[in-house]
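The values are calculated or read from the model by the stated rules, or taken from the named source; none is laboratory data. If you're wondering where the values come from, they're calculated on a predicted model, not measured in any experiment. Backbone-built Cβ (ideal geometry, glycine too); neighbour counts: all protein chains shown.
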Amino acid sequence: MAWQQLVFSASAIIAEQLNELLMETESLAVTMQDAADQAIFEPALGTTPLWGNTQLIALYDQHVDLQAVLAQLQSQFGSLPPYQITEVAERAWERVWMDEFKPMQFGKRLWICPSWCTPPDPTGVSLSLDPGLAFGTGTHPTTRLCLEWLDANPPSGLSVIDYGCGSGILALAALKLGAKTLSAVDTDPQALLATHDNGLRNDLHIATFLPEQLPPLSCEVLLANILAQPLIDLAPTLANLVRPQGRIVLSGILAEQAHKVSAAYQTWFAMQEVVQLDEWVRLTGIRLS
Ligand SMILES: C[S@@+](CC[C@H](N)C(=O)[O-])C[C@H]1O[C@@H](n2cnc3c(N)ncnc32)[C@H](O)[C@@H]1O
């Protein structure tokens with residue numbers, strides 16, 4: 001056992017009062033959550049409404065004497081609401097998502113496999129991935145939209161830029177699908193590290209750059225899964241990186257933002273059909289001469 005917690009079930013008013021007292025104990029964190037799945041919509045300005053049936057959870061180091069904490073609370077508060085003491089097993093919390101990360105197929109041939117799994121289809125194109133702390137496992141629709149595009153349009157023999165590379169998932173997929181050269185760009189050094197490491201994991205060397213370090217170059221395919229506003233701001237920069245007749249693939253865009261993003265790229269690209277997955281869309285365009 002690494003930690004222990006005190007879990008109270010209380011009305012909103014009691015939870016709020018008890019919360020103050022719990023914060024004065026040796027608690028590492030105190031959190032409140034709805035115990036009855038009751039949503040709170042649009043609280044009035046300046047108010048912090050709590051749920052009618054609130055669960056109040058105080059987390060402690062395993063060495064703290066919780067009986068002494070309870071005795072102290074009782075002396076300050078009087079009769080305490082119902083509570084439980086629970087143990088919290090030690091886990092690498094930032095890695096809990098790993099349990100959910102399984103091999104996934106994109107399009108016909110492409111597989112993303114967690115680095116700790118064996119590829120399920122030996123005839124497919126499989127890449128091994130450990131995103132570390134960077135974005136990009138393939139579970140998000142915006143990434144899926146790009147991976148499905150790559151599977152349907154393998155960049156065989158082409159030069160590719162992955163702008164906003166995160167874990168490097170799109171860069172790796174492009175290389176595995178035959179890209180001749182690959183440059184990965186991100187503002188986050190953590191992402192560049194994850195991309196580099198994922199390259200090595202797949203016996204591939206990926207050149208990574210902060211945006212300001214990117215040397216003058218141009219590509220035949222540019223992938224950018226970022227968000228609508230940065231994509232709009234980056235339009236001239238990205239357009240400059242794509243050769244005439246080259247293709248751009250934009251993702252990270254909500255359906256209602258498609259028009260604005262598309263408009264920002266129309267000066268340089270013949271924009272093509274919009275493809276939607278859940279509330280997200282993928283835009284593609286061909287660079288005008
Ligand atoms: C949604 S993640 C996409 C990660 C991965 N390419 C994927 O498809 O799953 C967006 C990435 O873009 C990076 N990013 C955000 N703004 C950027 C900018 N202006 N220039 C370059 N990278 C940016 C973020 O740090 C993040 O790693």
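For Leu147, the stated conditions do not hold, so it cannot be described as more than 21 Å from the chain's Cα centre (by Cα) and part of a helix (DSSP H, G or I). Looking across segment 155-213 at every residue that is assigned to a strand (DSSP E or B), within 11 Å of the ligand (Cβ to nearest atom) and not β-branched (Val, Ile, Thr), the one that is surrounded by the most Cβ atoms within 10 Å (Cβ to Cβ) is identified as Asp162. Per this entry, Ala264 is not counted among residues that are in a strand (DSSP E or B), of a type in the set (A, V, I, L, M) and more than 23 Å from Gly168 (Cβ to Cβ).
Count of segment 215-226 residues, restricted to those that are surrounded by fewer than 17 Cβ atoms within 10 Å (Cβ to Cβ) and in contact (Cβ under 8 Å) with a residue 12 or more places away in the chain, is 2. Taking Gln257, is it within 24 Å of Ile169 (Cβ to Cβ) and free of Cβ contacts under 8 Å to residues at least 12 places away in the same chain? Answer is no for this residue. Within segment 55-68, residues that are closer than 11 Å to Thr25 by Cβ reach partners that are at pLDDT 90 or above and of a type in the set (Phe, Trp, Tyr) with beta carbons closer than 7 Å, at six or more positions or on different chains, in the pairs Leu66/Tyr60.
One residue stands out in segment 222-248 among those that are more than 10 Å from the ligand (Cβ to nearest atom) and among the β-branched types (Val, Ile, Thr): the one that is farthest from Gly164 (Cα to Cα), namely Val242.
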